[in-house]
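Here's the structure we're looking at; comments come further down.
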Amino acid sequence: MFKDQSLKLKFVFFAGLFFCSNFFLALPIRSASALAAWALNSNGTLKLRTSSGTKLEAFFQSSNKDKGERVWVDFPGELSRPRTLKGNGSVKEIRLGKPSKGKTRLVIEFSPSVKLEPSKLKLIGISPNTWELKFFGLEINSFSSIEEGNILRNSIKRTFEKIKTKDLDISSLPNVPYGKYKVVIDPGHGGSDPGAVGINGLRETDIVLEISKNVSEFLTKKGVKTILTRKEERTLDLQPRVSKANNSRSNAFVSIHANATRGKRSDVNGIETYYYSGSRGYSLAKNIHKQILIASSQSPDRGIKKSRFYVIRKSSMPAALVEIGFVTGLYDSALLRQKAYRDQMSFAIAKGILNYLKVSN
Ligand SMILES: [Zn+2]
């Protein structure tokens, strides 16, 4: 999250994955900088392409005296050719520099008349090596696009990771008192509502039903009583899901979904977890989110978010809704298609729930 006065927006993406330096050889910016290409589009979106595994930091500085508001992003790796590009319209200039040895900084300076909404600025990883930052408060088409390098080239690796079947050892899951807890697992959609339909017909309902059943099975083996809102492919409204949950007096409610973008954008990928309110709801979401991110080292982290989704708003116990990836995403769909991956995600969700039960009850 951006804060006023150059506070740090932190966004760590694929921590721990680094590529060897020859990865940079063919990049348009001749340096070891992790920044490969960038584009500031007239729709007010900054797009970045970096090497995979890059950790970025973004900053906001409000305007002072004669200087307009500035947003900058720091990249690892030193830029060989610092330069300033003249802007147009609302964009005064763009500077590429090396703030210190071994670093690259991309600064966008707006005209003094521009007032951004810093609380809304967020740098989001949308695939293993592409990023997006939407400038709220900036008028669309108040400048014409400026870019360097080819933002689309290699924007997603075409060779996907084949997930190896791992031994999912029940004894490695956290222990909770046997028979003490009850958890509702809600596979989203079903029957006449397949949910999101993605690449090559990959359907949300199929994925989430299978994963929900697996989660339930893992929890059962750990002595947690589970209630599935649906056990088969059938249509089920939101309201009966919630009634079932509320009547059961369970300790937690977890709704499982897969995501989609409206325009079926294959470049958008990632995992996000929602809660509605309360520290327990947040804790449940956080515990699940943490585990699925570990299990899916490849899908971008879109964060833990607050939302008013019906099922988590109306249920009377701590509730979370998890979006385990985009069926429309080139990257995520390739992962979700693999049974080994779905099993891993199920195991991770169960682990997150057990961790939550341990700390919160
Ligand atoms: Zn859904």
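Some observations on this one:
- Residue in segment 148-174 that is modelled with the lowest pLDDT, counting only those that are aliphatic (A, V, I, L, M), in contact with a helix residue (DSSP H, G or I) (Cβ under 7 Å, 6 or more places away or on another chain) and under 30 Å from A37 (Cβ atoms): I156
- Neighbours by Cβ (under 6 Å, 6+ apart or cross-chain): first from segment 118-129, without any contact (Cβ under 8 Å) to a residue 12 or more places away in the chain; second part of a loop (DSSP other than H, G, I, E, B): none
- Condition check for E69: touching a residue at least 40 places away in the same chain (Cβ under 8 Å), surrounded by 19 or more Cβ atoms within 10 Å (Cβ to Cβ) and among the acidic types (D, E): yes
- Counted residues, segment 233-259 - those being within 14 Å of the ligand (Cβ to nearest atom), surrounded by 18 or more Cβ atoms within 10 Å (Cβ to Cβ) and either in a helix (DSSP H, G or I) or at pLDDT below 95 (or both): 1
- Residue within segment 124-132 that is touching a Pro at 6+ places or on another chain (Cβ under 7 Å), within 16 Å of the ligand (Cβ to nearest atom) and within 30 Å of F253 (Cβ to Cβ) present: no
- All of G191, G223, G198 fail the test of being within 16 Å of the ligand (Cβ to nearest atom) and farther than 30 Å from P128 by Cβ, apart from G191.
- Near pairs, Cβ below 8 angstrom, 6+ apart or cross-chain, from segment 178-192 (over 23 Å from N259 (Cβ atoms) and in a strand (DSSP E or B)) to any residue that is among the hydroxyl-bearing types (S, T, Y) and away from the ligand (no atom under 16 Å from the Cβ): K182/T226; K182/S248; K182/S250
- Subset of segment 308-333 (residues that are open to solvent by 20 Å² or more (accessible area, probe 1.4 Å) and either away from the ligand (no atom under 12 Å from the Cβ) or among the hydroxyl-bearing types (S, T, Y) (or both)): R308, Y310, R313, K314, S316, P318, L330
- All positions within segment 251-269 that are among the small types (G, A, S) and out of contact with any strand residue (DSSP E or B) (no Cβ under 7 Å at 6 or more places or on another chain): G263, S266
- Output for segment 289-307, where each listed residue is within 16 Å of the ligand (Cβ to nearest atom) and touching a residue at least 40 places away in the same chain (Cβ under 8 Å): I292, R302
- Of all residues making up segment 202-214, the number that are assigned to a helix (DSSP H, G or I) and within 16 Å of the ligand (Cβ to nearest atom): 9
The values are calculated or read from the model by the stated rules, or taken from the named source; none is laboratory data. On a predicted model such as this, the values are computed, not experimentally measured, just so you know. For neighbour counting, all protein chains shown are included, and Cβ atoms are generated from backbone atoms with ideal geometry for every residue, glycine included. Ligands, DNA and RNA are excluded from the accessible area calculation, which covers all protein heavy atoms including side chains. Shrake-Rupley method; radii C 1.70, N 1.55, O 1.52, S 1.80 Å.
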